[in-house]
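Everything below concerns the one structure shown next.
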Amino acid sequence: QVQVVESGGGLVQPGGSLRLSCAASGFIFSQYVMSWSRQAPGKEREVVAVISALGTNTNYADSVRGRFTISRDNTRNMVYLQMDSLKPEDSAIYYCSNPSLGSWGQGTQVTVSS
């Protein structure tokens, strides 16, 4: 059973940092691209970061480039999103996914507010 489970969201002040984690299971993790997306109320889901199967290549949405960092640990079947210099407009539910298999987690809420 393919599964991804996000964690690490919360409330943070503008300029602060959070690290999201995603635990994956049910597939050969090291063979798949993984991604983080987000969806704010009333907005479409946006892919914010993508990482290649071996972690050698990453890509970011313009809105987060230079502030967010995606990484993975293929020995632990984990993918991470380090979020720095957070802004109120980063507030959203963040989702981890395996795009090839169409697997999505339940999401974790990130709220950036003073």
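The values are calculated or read from the model by the stated rules, or taken from the named source; none is laboratory data. Worth saying up front: this structure is predicted, and the values here are computed from it rather than measured. Glycine also receives a Cβ, built like all others from the backbone with ideal geometry; neighbour counts cover every protein chain displayed. The area values use the complete protein model at the heavy-atom level, side chains included, leaving out ligands, DNA and RNA. Shrake-Rupley method; radii C 1.70, N 1.55, O 1.52, S 1.80 Å.
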On the given criteria, is A23 over 15 Å from T111 (Cα atoms), among the aliphatic types (A, V, I, L, M), in a strand (DSSP E or B) and out of contact with any Leu (no Cβ under 6 Å at 6 or more places or on another chain)? yes
Name every residue in the range 59-81 that is surrounded by 15 or more Cβ atoms within 10 Å (Cβ to Cβ) and farther than 22 Å from V2 by Cα, in order of residue number. Y60, A61, V64, R67, F68, T69
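For the range 26-37, give me the residue count where each residue is open to solvent by 20 Å² or more (accessible area, probe 1.4 Å) and either within 23 Å of N59 (Cβ to Cβ) or not in a loop (DSSP other than H, G, I, E, B) (or both).
6
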Could you say which residue among V12, V2, V33, V64 is modelled with pLDDT under 95 and more than 10 Å from the chain's Cα centre (by Cα)? V2
Being touching a residue at least 12 places away in the same chain (Cβ under 8 Å), farther than 18 Å from E46 by Cβ and either among the hydroxyl-bearing types (S, T, Y) or outside any strand (DSSP E or B) (or both) is the filter here, so list the residues in the range 61-75 that pass it. S71, N74
May I ask you to list the residues in the range 1-21 that are among the hydroxyl-bearing types (S, T, Y) and either free of Cβ contacts under 8 Å to residues at least 40 places away in the same chain or within 18 Å of V64 (Cβ to Cβ) (or both)? S17, S21
Please enumerate the residues belonging to the range 82-109 that are surrounded by 14 or more Cβ atoms within 10 Å (Cβ to Cβ) and part of a strand (DSSP E or B). Q82, M83, A92, I93, Y94, Y95, C96, S97, N98, S103, W104, T108
Given the criteria farther than 15 Å from L20 by Cβ, open to solvent by less than 30 Å² (accessible area, probe 1.4 Å) and in contact with a strand residue (DSSP E or B) (Cβ under 9 Å, 6 or more places away or on another chain), does A49 qualify? no
